[in-house]
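Novice: This is the structure I want to talk about, given as structure tokens.
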Amino acid sequence: MQIIDKDRPSPELIASMRKRFEVEREVDRALTYKMEKRSGPAYTKLPLETLVAGLKSLIASQLKEPFEISNAHWLAGGASKLQVGFDLAWNRPGVGRETTRMVLRNDLAEALHATSRLREFQIVKALTGTIPMPPVFWVDNTGEHLPYPAIVYGFVNGVTKPSNAKSGVTGLGTYLPEDVRNKLSPQFVAHMAKMHTFDFSKAELSAFDVPQLGKQNAEWVVNWWDRVWAEDAQEEVPLMALASSWLHKNAPAVEHLSIVHGDFRTGNYLFNEADTRITTWLDWELSRIGDRHQDLAWSTSHAFSVLGEDGKTLLVSGLMPETQFLEEYEKASGLKVDKKALHYYQVFNAYSMIGMTLGTSYRVARNGKSHQDILLAWLLGVGYMLLDEMRGLIEKGV
Amino acid sequence: MEMRPQFQIQTIIKAMTEDVIPALDQTNQLAMQSAQLTIGTLMLISQHLPLEYRYDCDELTRLVATAEVLKSQAKAGETTSAAVACLKETARSGADVLSRARAEPAEILDAIHKLRASTSDIVRAVYAEGSEAAQSAVQATVLAMSKDQLLRDRSWLLMQGWEPDPKAVPAIDTLLAPIAKG
């Protein structure tokens, strides 16, 4: 039996992965970048000064006039990014001299998602004005200025959950009080509907490939996670082989292409506690042009659901019952929810989350590539519950 | 099962070294000493874990061999005879355990990995070129095997708190079959 050293991938292994799995060009670039860097050093704590120096270099490459960075400080950034808050005194185009609060989101030596900062930059720009989006300023897609690829956002006020709410690690399964969820639910549905009906054809989205109507979309996205699993997983899991085969065999045709967020759930938007208004949508790194059912299925995943006060009703993303969510989505978007496609993407989403947890989390922590290896090692435990959820979905059928 | 102590210990040591110890009051000698000892103990555990089973089998082998020698040497009064009888029984029992302990944990794990991989290859091959009937049959078999295995995996990690209904998952010691006696 051939032994593959995934910790030190050879050029031949990297080339074989690229050949085996047809994915979008920028997805391929990000995954290849990950594999080419993998045998490099583990993550070591970066001094704040190093990031500020990189930031200066990035901003200087974009601005002709003088600027000053001050008040740089670490922000909590979750398991997949380093985040630094800072103030920039500059001559802001169209505004004039001002000091703007900003956030640098910097990749790690290897992260939970090997994704493209350029795609993130483009999608945020494209959807600005359609749904609440953070201001985005600059991107360093290949780590030219900073130690790792990075993106600079404007700071947005808001919280991911009420100050007194309970939630698990990384905000999964957040409990929201009834009055809060009654105000957030219509916004959640309306924003998803607006995103899925947004005309992306004229937007600058050159880092995205547009699949043809039909099955190509599903093929691409399953290939993406097939490749992540092949590159990252330590142990084969027969159920994953079955799920991949099932997903390729049952790929649904998409009749309407949409911008897909890829991680549309409570925990990935900020809202004002005072008026419960959603101020911005975050975490666009998994976004793509594809099938709306991918987002619908993601939002309805049990991993992000919580039980209501009656102890029986499962609330989608902690907000509302699934039937209500889907009915209101159809009304708001004018797009139908196809139960078969929804089921397909429920299986797919479980498949991708298992890839992230049992595959990528393990590989990143094993090689000491992040600032929170212990969190990643803890998170991979959810993979077994997800495997069982996926098993049940395949067994049950539509 | 990816969640294994050696992998987990590595991440604990890193978190302790890079995050926890630097944040401690460096003048608090008790806290600093305890933190360093925590790391040291974890490193020791990490070194011992892969060898623990071999270490114990090695000692058991030596004790069984020594018992064989002692049985013929220990000739004295009634107390000695009683002790020899007891030694014979524990040596027989020890030899039985040894005869069943032929594979090392790493070999078992390696066999698991190889079977997982070849099972996965079968699934992919049947989906690539098999009939509908063959695909359905393979799907049913893999789903059934996975159902049993995943119940154990979920129980193994019950304490982590991922389960929406933890009471529905049996305790791990009730799910694992005991190693059969020869």
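The values are calculated or read from the model by the stated rules, or taken from the named source; none is laboratory data. As the structure is a computational prediction, the values presented were derived from the model and not from experiment. All Cβ positions, even for glycine, are placed from backbone atoms using ideal geometry, and neighbour counts span all protein chains on display.
One line per residue, one yes/no per condition, for (1) under 22 Å from A:ARG18 (Cβ atoms); (2) buried (at least 23 other Cβ atoms within 10 Å of the Cβ):
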position: A:THR197; (1), (2): no, no
position: A:GLU204; (1), (2): no, no
position: A:ALA207; (1), (2): yes, no
position: A:PRO211; (1), (2): yes, no
position: A:GLN216; (1), (2): yes, no
position: A:VAL221; (1), (2): yes, yes
position: A:VAL228; (1), (2): yes, yes
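Novice: What number of residues in the range A:79-133 are within 18 Å of the chain's Cα centre (by Cα), in a strand (DSSP E or B) and among the β-branched types (Val, Ile, Thr)? First the steps, then the outcome.
Specialist: The first filter runs over the range A:79-133 and keeps only residues within 18 Å of the chain's Cα centre (by Cα), leaving A:79-83, A:103-128, A:131-133.
Filter again for in a strand (DSSP E or B), leaving A:82-83, A:103-106, A:128, A:131.
Retained after the next criterion (residues that are among the β-branched types (Val, Ile, Thr)): A:103, A:128, A:131.
Result for the range A:79-133: 3.
Novice: Answer yes or no: is there a residue in the range A:331-350 that is at pLDDT 90 or above, under 26 Å from A:GLN187 (Cα atoms), assigned to a helix (DSSP H, G or I) and touching a strand residue (DSSP E or B) at 6+ places or on another chain (Cβ under 6 Å).
Specialist: The answer is no, given that none of the residues of the range A:331-350 is at pLDDT 90 or above, under 26 Å from A:GLN187 (Cα atoms), assigned to a helix (DSSP H, G or I) and touching a strand residue (DSSP E or B) at 6+ places or on another chain (Cβ under 6 Å).
Novice: Considering each residue of the range A:31-71, count those that are touching a residue at least 60 places away in the same chain (Cβ under 8 Å), out of contact with any Gly (no Cβ under 7 Å at 6 or more places or on another chain) and of a type in the set (Ser, Thr, Tyr), and give that number.
Specialist: Of the range A:31-71, the ones touching a residue at least 60 places away in the same chain (Cβ under 8 Å) are A:31, A:33-35, A:37-38, A:40-43, A:45-46, A:50-51, A:54-55, A:57-59, A:61-62.
When the remaining residues are screened for being out of contact with any Gly (no Cβ under 7 Å at 6 or more places or on another chain), the result is A:31, A:33-35, A:37-38, A:40-41, A:45-46, A:50-51, A:54-55, A:57-59, A:61-62.
Narrowing the set further to residues that are of a type in the set (Ser, Thr, Tyr) leaves A:33, A:50, A:57, A:61.
The number of residues fulfilling the criteria is 4.
Novice: Return the residues of the range B:128-182 that are of a type in the set (Asp, Glu) and over 23 Å from A:ILE394 (Cα atoms); say none if nothing qualifies. Outline the logic, then answer.
Specialist: As a first pass, look at the range B:128-182 and keep what is of a type in the set (Asp, Glu): B:129, B:132, B:148, B:153, B:163, B:165, B:173.
Answer for the range B:128-182, where residues must be of a type in the set (Asp, Glu) and over 23 Å from A:ILE394 (Cα atoms): just B:ASP173.
Novice: Could you tell me which numbered condition B:ILE45 fails, if it satisfies all but one of (1) among the aliphatic types (A, V, I, L, M); (2) without any contact (Cβ under 8 Å) to a residue 12 or more places away in the chain; (3) assigned to a helix (DSSP H, G or I)?
Specialist: With respect to (1) among the aliphatic types (A, V, I, L, M); (2) without any contact (Cβ under 8 Å) to a residue 12 or more places away in the chain; (3) assigned to a helix (DSSP H, G or I), B:ILE45 is out only on (2).
Novice: Same structure again: Please tell me if B:THR17 is modelled with pLDDT of 90 or more, hydroxyl-bearing (Ser, Thr, Tyr) and under 24 Å from A:THR44 (Cα atoms).
Specialist: Numbers: modelled with pLDDT of 90 or more: yes; hydroxyl-bearing (Ser, Thr, Tyr): yes; under 24 Å from A:THR44 (Cα atoms): yes.
Yes, satisfied.
Novice: Counting only residues that are farther than 18 Å from A:ILE3 by Cα and either within 13 Å of chain A (Cβ to nearest Cβ) or in a helix (DSSP H, G or I) (or both), how many does the range B:79-121 have?
Specialist: Start the filter on the range B:79-121 by keeping residues that are farther than 18 Å from A:ILE3 by Cα, which leaves B:79-105.
Checking the rest, the ones that are also either within 13 Å of chain A (Cβ to nearest Cβ) or in a helix (DSSP H, G or I) (or both) come to B:79-100, B:105.
The number of residues fulfilling the criteria is 23.
Novice: Hey, can you tell me all the residues within the range B:21-44 that are of a type in the set (Val, Ile, Thr) and surrounded by 14 or more Cβ atoms within 10 Å (Cβ to Cβ)?
Specialist: Step one: list which residues in the range B:21-44 are of a type in the set (Val, Ile, Thr), which gives B:21, B:27, B:38-39, B:41.
Hits for the range B:21-44 are B:ILE21, B:THR38, B:ILE39.
Novice: Can I ask one more? Assess whether A:TRP138 counts as being aromatic (Phe, Trp, Tyr), modelled with pLDDT of 95 or more and in the same structural domain as A:ILE59 (by TED's automatic domain parsing). Reasoning before the result, please.
Specialist: Working: aromatic (Phe, Trp, Tyr): yes; modelled with pLDDT of 95 or more: yes; in the same structural domain as A:ILE59 (by TED's automatic domain parsing): yes.
Criteria met by A:TRP138.
Novice: If the Cβ limit is 9 Å and pairs must be 6+ apart or interchain, which residue in the range A:287-316 that is at positive phi pairs with which residue that is surrounded by fewer than 16 Cβ atoms within 10 Å (Cβ to Cβ)?
Specialist: If the second residue must be surrounded by fewer than 16 Cβ atoms within 10 Å (Cβ to Cβ), no pairs are left.
Novice: Given the options A:THR44, A:THR32, name the one that is assigned to a helix (DSSP H, G or I), within 26 Å of the chain's Cα centre (by Cα) and polar (S, T, N, Q). Step through it out loud before you land on a result.
Specialist: Details: A:THR44 fails: assigned to a helix (DSSP H, G or I).
Step by step, each of A:THR44, A:THR32 is checked, and only A:THR32 is assigned to a helix (DSSP H, G or I), within 26 Å of the chain's Cα centre (by Cα) and polar (S, T, N, Q).
Novice: Being over 18 Å from A:VAL222 (Cα atoms), more than 13 Å from chain B (Cβ to nearest Cβ), in contact with a Leu (Cβ under 9 Å, 6 or more places away or on another chain) and of a type in the set (Asp, Glu) narrows it down to one residue among A:GLU309, A:GLU322; which is it? Don't jump to the end; show me each part of the working.
Specialist: Numbers: A:GLU309 fails: in contact with a Leu (Cβ under 9 Å, 6 or more places away or on another chain).
Unique residue meeting the criteria: A:GLU322.
Novice: Ok, one more. Could you please tell me which pairs satisfy a Cβ distance under 7 Å, a separation of 6+ or placement on different chains, a first residue in the range B:138-159 that is more than 20 Å from A:SER245 (Cα to Cα), and a second residue that is of a type in the set (Phe, Trp, Tyr)?
Specialist: Note: pairs meeting the criteria are B:ASP153/A:TYR384; B:ARG154/A:TYR384; B:LEU157/A:TYR384.
Novice: Continuing with this model, one more query. For the range A:388-396, check the following and say yes or no: at least one residue is in a loop (DSSP other than H, G, I, E, B) and either surrounded by fewer than 18 Cβ atoms within 10 Å (Cβ to Cβ) or in contact with a strand residue (DSSP E or B) (Cβ under 6 Å, 6 or more places away or on another chain) (or both).
Specialist: To start, the set of residues in the range A:388-396 that are in a loop (DSSP other than H, G, I, E, B) comprises none.
There is no residue in the range A:388-396 that is in a loop (DSSP other than H, G, I, E, B) and either surrounded by fewer than 18 Cβ atoms within 10 Å (Cβ to Cβ) or in contact with a strand residue (DSSP E or B) (Cβ under 6 Å, 6 or more places away or on another chain) (or both).
Novice: I would also like to ask the following. Of the residues that make up the range A:286-296, is at least one of a type in the set (Ser, Thr, Tyr) and surrounded by fewer than 18 Cβ atoms within 10 Å (Cβ to Cβ)? Can you show your working first?
Specialist: Filtering the range A:286-296 down to residues of a type in the set (Ser, Thr, Tyr) leaves A:287.
Going one step further and asking which of them are surrounded by fewer than 18 Cβ atoms within 10 Å (Cβ to Cβ), we end up with none.
No, every residue in the range A:286-296 fails to be of a type in the set (Ser, Thr, Tyr) and surrounded by fewer than 18 Cβ atoms within 10 Å (Cβ to Cβ).
Novice: What do you reckon, is A:LEU376 touching a residue at least 40 places away in the same chain (Cβ under 8 Å), crowded, with 21+ Cβ neighbours inside 10 Å and either at the interface with chain B (Cβ under 9 Å from one of its Cβ atoms) or of a type outside the set (Gly, Ala, Ser) (or both)? Break it down stepwise before answering.
Specialist: Details: touching a residue at least 40 places away in the same chain (Cβ under 8 Å): yes; crowded, with 21+ Cβ neighbours inside 10 Å: yes; either at the interface with chain B (Cβ under 9 Å from one of its Cβ atoms) or of a type outside the set (Gly, Ala, Ser) (or both): yes.
When the stated conditions are applied, A:LEU376 passes them.
Novice: Quick check on the range A:229-247. Is at least one of its residues assigned to a helix (DSSP H, G or I), among the charged types (D, E, K, R) and at pLDDT 95 or above?
Specialist: Checked the range A:229-247: at least one residue is assigned to a helix (DSSP H, G or I), among the charged types (D, E, K, R) and at pLDDT 95 or above.
Novice: Out of all the residues in the range A:272-301, which are closer than 20 Å to A:ALA332 by Cβ and among the basic types (Lys, Arg)?
Specialist: A:ARG277, A:ARG292, listed by residue number.
Novice: When both residues are 6+ apart or on different chains and their Cβ atoms are under 7 Å apart, which pairs have a first residue that lies in the range B:21-42 and is assigned to a loop (DSSP other than H, G, I, E, B), and a second that is modelled with pLDDT of 90 or more?
Specialist: B:LEU24/B:MET32; B:LEU24/B:ALA35; B:GLN26/B:MET32
Novice: Is it true that some residue in the range A:204-223 is under 17 Å from A:THR357 (Cβ atoms), modelled with pLDDT of 95 or more and assigned to a helix (DSSP H, G or I)?
Specialist: Going through the range A:204-223, the residues under 17 Å from A:THR357 (Cβ atoms) turn out to be none.
No, the conditions are met nowhere in the range A:204-223.
Novice: Which condition does B:ASP110 not pass, out of (1) closer than 29 Å to B:ASP56 by Cβ; (2) buried (at least 16 other Cβ atoms within 10 Å of the Cβ), if it passes all the others?
Specialist: (2) is the only condition that B:ASP110 fails.
Novice: Now a separate question. Could you say whether any residue in the range A:62-69 is assigned to a strand (DSSP E or B) and either assigned by TED's automatic domain parsing to the domain that holds A:ALA230 or closer than 19 Å to A:VAL136 by Cα (or both)? Spell out how you get there, then give the answer.
Specialist: Here is the first cut: in the range A:62-69, the residues assigned to a strand (DSSP E or B) are A:68-69.
In the following step, the residues that additionally are either assigned by TED's automatic domain parsing to the domain that holds A:ALA230 or closer than 19 Å to A:VAL136 by Cα (or both) were identified as A:68-69.
For the range A:62-69, residues assigned to a strand (DSSP E or B) and either assigned by TED's automatic domain parsing to the domain that holds A:ALA230 or closer than 19 Å to A:VAL136 by Cα (or both): present.
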